[in-house]
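First comes the structure, then the notes that go with it.
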Amino acid sequence: MKYRCLHPPCCAAVRAVMLLMVMSVARVGARGAVADAGDSIAVPAVAAATVEAPSPTSDFKVDSLPLFNRLPPKVKNYLNGFMAGSVDRTREKRVDLSFGISPSYTREASFGIGALCTGLYRVDRTDSVGIPSDLFACLNASLNGFFVFTFKGNNIFPGNRLRLGYKFEAYRKRLDFWGINSEETAVNPKSKYDRRQIDLRTELVYKLTHHLHAGFHTNFDYTDARRMSNPEYLLGGRRQYYVTGLGASLSIDSRNSILQPTRGVHLSYTYMFYPRQLGSAPASFQSHLIIGNAYLGLWRGATLAFDLYAKFNSSHTPWSMREMIASDGIRMRGYYMGSYIDNSQMSLQAELRQHIWWRIGMTAWLGQAAVFSSFRNLSKKEIRPEWLPNGGIGLRFEFKHGVNARIDYGIGRHTAGFVFAVGEAF
C-alpha cells in the first residue's frame, strides 16, 4: 500500500491556540465543570466500593488577594469555583451543570469556535457507592463551513444494575476524499465532498454478575455526500444512505471509573445487524466489534493504559458505514479523518498517563492500525495490509471531578495534527 503526505508540520501558532482551548473551558458561576464519557458510549460495570485517591482540589480563595477585592461578587464566585472545579458536587445539586465557550482547531475543520454544556447528576442522590450519570452537549462551527452538534451521555438507574448510554450527532463537513477502500485511497488523487450525517446510537446494559454485563443496541445513521468532485470514487455506490441496526453485546468490566480509569479491564463484543428492510442499503449487512482495554497503576500518579480495537464489517456494507482511520478522535490521533477507508479496521495503542501538578497531567502514546476489506486479507501475504504507525503527546486538565479536558498532538506516516476533546481517549 502506498501512503501520501497529508499535511505539512503544524506551526507554533496552532500549538498556542490549542493550549488556550484547554485553559478557556470555563464554568458559569460557582458550578462544576464538564463531564463527558468520551466518544465511546460503552457502558461499563459498577465496581464494588473502592477507596479512590483524593481528587486534586484547592482551598484557595481569590478574596484572600488584595488585587481581587474590588471584583464584582459574580466574578469572584466564578474564579473561586474554577479553582475548586474538580470537587464532586453531585450529592449537593440535582444536576451539576457547566457551560463554556472555547476556540477550536482540527485537521478537518481548521479554526472555529464551540459552545458546550456538560453535567453530572445522580438519579439516587443517597447512593454513596455508585458513580454519577453524565451528559454532554456541544455546538461547534468553523471558518471552512464545518458544523457539528453532539449530545451524549450515560444514565445510571437506581440500584446501579441498569444503564442507558446514548449519543446523537449531526454534522456537515467539507472533507478531502480519496475513495472508499484501501486500494483506491492509496492511488487516487485528492478530491473533495460535503459529508452531511445524522447518527443516533443507544445502548441499554444490564449487570448480570459483579463484572459481567449484557446489552441491547440500536443505531440509526443517515449520510449524504454532496458537491462530490469525483463521484466515480464511490465505485457505483449511492451518494445517500440511511440504515437502521439492532444488536447485542456482552462485556466484562472491572474499571474503577468510566471517565478516568486508573485500574481494571474492559473487554466487550458487540454484534450489529442492519436489515435491508429498515434502510436504503441494497442488501442487509452486519458488523462485529471487539474492544479490549487494560489499566495498570505504576508509580505515584502514573497509569499505563492499553487499547485494542477490531471491527469487521460484511462485504455488503455501504461506504457510509465503513471504517475510517482517525474518525473518532480516540485512535490514530493526528491522521486526517477518512484518509484511509475500508470495510474493517484493527488498531492497537498504549498510553502512559502521568499527573504532574495540581489538576494538570501529561500523556504519551504509541499505536498502529490497518484498514482492510475482509478478515481473510490478514492471512494472505500478497494482499496483507500494511500497518500505519502513530504516536504523540498530550496535555490534560482536570476541570471537574474525574473528568479531563485533553489536547493531543499526534504524529503518523507523513502526517501530524491536533485533537481537542473532553474525557480520556479510552
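The values are calculated or read from the model by the stated rules, or taken from the named source; none is laboratory data. Everything numeric in this text was worked out from a predicted model, so none of it was measured. Using ideal geometry, Cβ is built from the backbone for each residue, glycine included, and neighbour counts are taken over all protein chains shown. Just the protein is used for accessible areas: all its heavy atoms, side chains included, with ligands, DNA and RNA removed. Shrake-Rupley method; radii C 1.70, N 1.55, O 1.52, S 1.80 Å.
Side notes on the structure shown:
- The set of residues in region 275-293 being under 25 Å from Phe426 (Cα atoms) and open to solvent by less than 30 Å² (accessible area, probe 1.4 Å) consists of Ser287, Ile291, Gly292, Asn293.
- A single entry from Ile341, Ile330 fulfils the requirement of being closer than 28 Å to Glu183 by Cα, touching a helix residue (DSSP H, G or I) at 6+ places or on another chain (Cβ under 9 Å) and among the aliphatic types (A, V, I, L, M): Ile341.
- Meets criteria (farther than 30 Å from Thr106 by Cα and in a loop (DSSP other than H, G, I, E, B)) for Pro261: no
- Residues that are within 30 Å of Tyr233 (Cα to Cα), among the polar types (S, T, N, Q) and surrounded by fewer than 22 Cβ atoms within 10 Å (Cβ to Cβ) within region 318-363 comprise just one, Ser327.
- Counting only strands (runs of 3 or more DSSP E) that fall entirely inside region 104-156 and contain at least 1 residues that are basic (Lys, Arg) and in contact (Cβ under 8 Å) with a residue 12 or more places away in the chain, the qualifying elements are 147-156.
- Any pair with Cβ under 6 angstrom, 6 or more apart, that starts in region 213-229 at a residue that is surrounded by 17 or more Cβ atoms within 10 Å (Cβ to Cβ) and ends at one that is outside any strand (DSSP E or B) and of a type in the set (A, V, I, L, M, F, W, C): His213/Ala45
- Residue within region 270-284 that is in contact with a Lys or Arg (Cβ under 6 Å, 6 or more places away or on another chain) and among the hydroxyl-bearing types (Ser, Thr, Tyr) present: yes
- Filter result (among the small types (Gly, Ala, Ser) and either modelled with pLDDT of 65 or more or in contact with a strand residue (DSSP E or B) (Cβ under 7 Å, 6 or more places away or on another chain) (or both)) within region 62-117: Gly85, Ser86, Ser98, Gly100, Ser102, Ser104, Ala109, Ser110, Gly112, Gly114, Ala115
- Counted residues, region 138-166 - those being open to solvent by less than 50 Å² (accessible area, probe 1.4 Å) and in contact with a Gly (Cβ under 7 Å, 6 or more places away or on another chain): 9
- The criterion of being of a type in the set (D, E, K, R), assigned to a strand (DSSP E or B) and modelled with pLDDT under 90 holds for Lys173.
- Any hit, region 331-352, residues being in a strand (DSSP E or B), over 29 Å from Ala225 (Cβ atoms) and at pLDDT below 85: no
- Qualifying residue in region 231-247 (condition: of a type in the set (A, V, I, L, M, F, W, C), farther than 16 Å from Met272 by Cα and in a strand (DSSP E or B)): no
- Unique residue being touching a Phe, Trp or Tyr at 6+ places or on another chain (Cβ under 8 Å), part of a strand (DSSP E or B) and touching a residue at least 24 places away in the same chain (Cβ under 8 Å) when the list is His266, His288: His288
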